[in-house]
1. Report, by chain and number, residues whose modeled amide H sits under 5 Å from the one on LEU97, excluding near sequence neighbours (fewer than 5 apart, same chain).
2. Subtract the Cα-Cα distance of HIS25 and LEU44 from 0.36 nm times their separation in residues, and report this length gain in nm to one decimal.
3. Given N residues in the stretch 71-129, what is its alpha carbon radius of gyration divided by 2.2 N^0.38 Å?
4. How big is D for the chain, in µm² s⁻¹ as a whole number, if Stokes-Einstein is applied with the Kirkwood radius of its Cα pairs at 4 °C and 1.567 mPa s?
5. Sum up the charges of everything whose Cβ sits under 15 Å from the Cβ of ASP21, counting Lys and Arg as +1 and Asp and Glu as -1, but leave ASP21 out.
Amino acid sequence: MTSSLGVLSQLGEVTLRDMGDTSLHTDMLVMNRTLQNTSDDVILNMQENMTLNMTSKKTVSIMKLLANLLHVLHFAKPSLLGDTSLKMVELTMSNGLVSSSPFAIGCYGEVLVAAGNVAEGCRLGMYHE
C-alpha cells in the first residue's frame, strides 16, 4: 500500500482523502450529478482509450495502480475506498475506458451504497457484472 501511494505521488496524484473529508464529499456530489446526467447507454458504450500517447500511458498506469490499491484498501484502510474509486471513475469519464474501468465503477457503486445512495450505487454496480 505504501509503495503504491508513493508511486502515485511521484506521478503527480494527490494524497487520498478519507471518507470524512468534506472536499471528498463535495467531489463525490459533483461526480454523482455527472453520472445521474449521463445515460446508461452513454456509460455502457463509452469508447476504449486506444490512444498510445504519453498522457494515456500515464492514465493507464495510474488506473492500474489504483485498481491494485483498491484490493488492498478493502482490508487495510477502507476509509480510502471512496477517493480511490472516485479518482478512477473521474479518469474513466474524462479519458475513456481502460481494462480496470468496470471494476472502478463497481467499487464506486459500492461506496455510494455504503454512503446511503443505494439507487445510484446499484445502478453503477450493474456495469461491473
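All of the numbers you see were taken from the coordinates with simple rules; none came from a lab. Because the structure is predicted, anything quoted here is derived from the model rather than measured. Note that we place each Cβ from the backbone using ideal geometry, even for glycine, and neighbour counts take in every protein chain shown.
1. Residues meeting the amide H criterion: GLN47, GLU48, ASN49.
2. Working: separation 19, 0.36 × 19 = 6.84 nm, distance 2.55 nm.
Using 0.36 nm per residue and subtracting the Cα-Cα distance, I get 4.3 nm.
3. Values: Rg = 10.9 Å, N = 59, 2.2 N^0.38 = 10.4 Å.
Here the answer is 1.05, to two decimals.
4. Numbers: Rh = 14.8 Å.
D, rounded to a whole number, is 88 µm²/s.
5. Working: positive: ARG17, LYS77, LYS87; negative: ASP18, ASP27, ASP83.
Local net charge: 0.
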